[in-house]
Amino acid sequence: MIYFDSAYLAKFYLAEPESERVHQAAEAEGAVGCSVFGRAETLSVFHRKLREGAVDPKVFNALCAQFAADGEAGLWSWLPLSEAVLDTVERRYRRLPAVVFLRSADAVHLATAAENGFREIFSNDRHLLAAAPQFGLKGRSL
């Protein structure tokens, strides 16, 4: 199993740069782990596309339905947002050098991956990738 942040989950459904590689990696692996928080973030991306007019309501609803169906089929393995994950977020922020830019949602993904034994995290988010070593992870972009 590999870990995708929500940016890569969204790319699985949307025609964006790297989407084909994301799709291939997910299908080759057979299962992708992500924080349960990533479910809400991915739906937020779909809704942003609707709000911006990039997709119409019919496509938006189809994206949401396919995302749910793929989750039910086991393509996405939702990892809990546990006390251990939040404790890791807290510990890492307390030791994080001042020069490292880390958003809270990225910290949740990094801590979730670390707490669940992943050694790598896949994303195209440059801030998340740069902060990955602070969590003992290798940040990778496809």
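Observations on the model:
- Only the Cβ atoms of Lys and Arg (+1) and of Asp and Glu (-1) were treated as charged; on that basis the dipole of the chain about its Cα centre amounts to roughly 440 debye.
- 28 Å Cα-Cα reach of Lys138 towards lysines, excluding residues that sit fewer than 8 places from it in its own chain: Lys11
- Relative to the current alpha-carbon distance between Ser44 and Lys58, full extension at 0.36 nm per residue lengthens the span by 3.4 nm.
- Local electrostatic count, Leu128, Cβ distance below 13 Å [Lys/Arg +1, Asp/Glu -1]: 0
- Residue-averaged 222 nm ellipticity for the chain, from DSSP H runs of 4+ at -39500 (n - 2.57), nearest 500: -17500 deg cm²/dmol
- Stretchable slack from Leu14 to Arg126, in nm (0.36 nm times residue separation minus alpha-carbon distance): 38.4 nm
- A dipole drawn for the chain from +1 and -1 charges on Cβ atoms has a positive end, and of Cys34, Ala69, Ala132 the residue lying farthest that way is Ala132.
Quick note: the coordinates plus some simple rules give every number you see, no bench work behind them. Just so we're clear, the structure is a prediction, and the values are computed from it rather than from any experiment. Methodologically, a virtual Cβ is constructed for each residue, glycine included, from the backbone with ideal geometry; neighbour enumeration extends over all protein chains shown.
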